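The values are calculated or read from the model by the stated rules, or taken from the named source; none is laboratory data. What you see is a predicted model; the values in this text were computed from it and never measured. Quick reminder, even Gly has a Cβ in these numbers, built from the backbone with ideal geometry, and neighbours come from all protein chains shown. Note: accessible area is taken over every heavy atom of the protein model, side chains too, but ligands, DNA and RNA are not part of it. Shrake-Rupley method; radii C 1.70, N 1.55, O 1.52, S 1.80 Å.
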Amino acid sequence: MSSFINDEKGIIEPYTELPAMALAVVGFIVFIAVLTQAHMAYQEKSFIAGHYQDAANLAQKLSKDSALTGGSPGVIDSVELEKLDPAEIFRQYGSYYNFMFKIDSNSENRAYNIVIKSPDLRESKMGVSASIPVTVRFNDVEEQPGTLTVKIWRK
């Protein structure tokens, strides 16, 4: 037994530790990637949770703005939308967030879909949306239910 422990004639192959070292490095890189992905998902979810009410409040303000409604809160006037200067809306409401809004009304009689966003801003993937019900007025006699959706993201 003592000859086995004290035998100095053992063979050492070169580079035997490299596969183990490579496996350790790959494991560390995968761990960092998973940790980074988890942190990014946490940031996105916390932004959504923290700012959903801001998007809903902005949607409420836009649904009452006379530039969109023509004087009837909650009723979006399509004629007023055609005359709308988007730069004025973004200047008025865009002090804290970049945003865009969309008005949809789909029924069997008429489909209406308009997206208003600032041409200078790029839309971000990480944002939060809120929708509220509105009425879309096409003319003095034709109105349909619809939705006003606002998406906000960080400046």
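Structure data summary
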quantity	calculated
Whole-percent carbon and sulfur share, accessible surface of the chain, 1.4 Å	57 percent
Additional length obtainable on full extension of the chain from Leu84 to His39, 0.36 nm per residue less Cα span	12.1 nm
Förster-model FRET efficiency, 35 Å R0, Ser46 and Ala67, C-beta, rounded to 0.05	0.60
Environment charge at Lys64 (Cβ cut-off 15 Å; Lys +1, Arg +1, Asp -1, Glu -1)	-1
Sites Tyr96 and Phe28 - FRET efficiency at Förster radius 35 Å, r taken between beta-carbons, to 0.05	0.30
Accessible area per residue, Å², the chain with all protein chains present, probe 1.4 Å	71 Å²
Per residue Cα convex hull volume in Å³ - calculated over segment 66-155	100 Å³
Table column - 3J(HN,Hα) (Hz), segment 82-89, Karplus curve with 6.51, -1.76, 1.60, x for Gly and Pro	5, 8, 5, 9, x, 4, 5, 5
Percent breakdown of C-alpha pair distances by 5 Å bin, ordered from the shortest bin, for the chain	2, 8, 13, 15, 11, 9, 6, 5, 4, 4, 3, 3, 3, 3, 3, 2, 2, 2, 2, 1, 0, 0
For the chain, built as a Gaussian network whose Cα springs stay under 10 Å, the top-fluctuating residue of Met21, Met100, Met40	Met21
Two-decimal Rg/Rh across segment 41-114, once Rg and the Kirkwood Rh are taken from alpha-carbon atoms	1.04
Computed lengthening from Met21 to Lys155, 0.36 nm per intervening residue step minus Cα-Cα distance	43.9 nm
Computed [θ] at 222 nm, helices only, for the chain once each DSSP H run of length n ≥ 4 contributes -39500 (n - 2.57)	-14500 deg cm²/dmol
Largest-first ordering by accessible area, 1.4 Å probe, given options Val30, Val128	Val30, Val128
Charged-residue dipole, Cβ positions (Lys, Arg, Asp, Glu), the chain about Cα centre, Debye nearest 20	320 debye
Number of Lys pairs (Cα under 23 Å; 8 or more positions apart or on different chains) in the chain	25
DSSP beta bridges in the chain [antiparallel fraction, %, rounded to 5]	90 percent
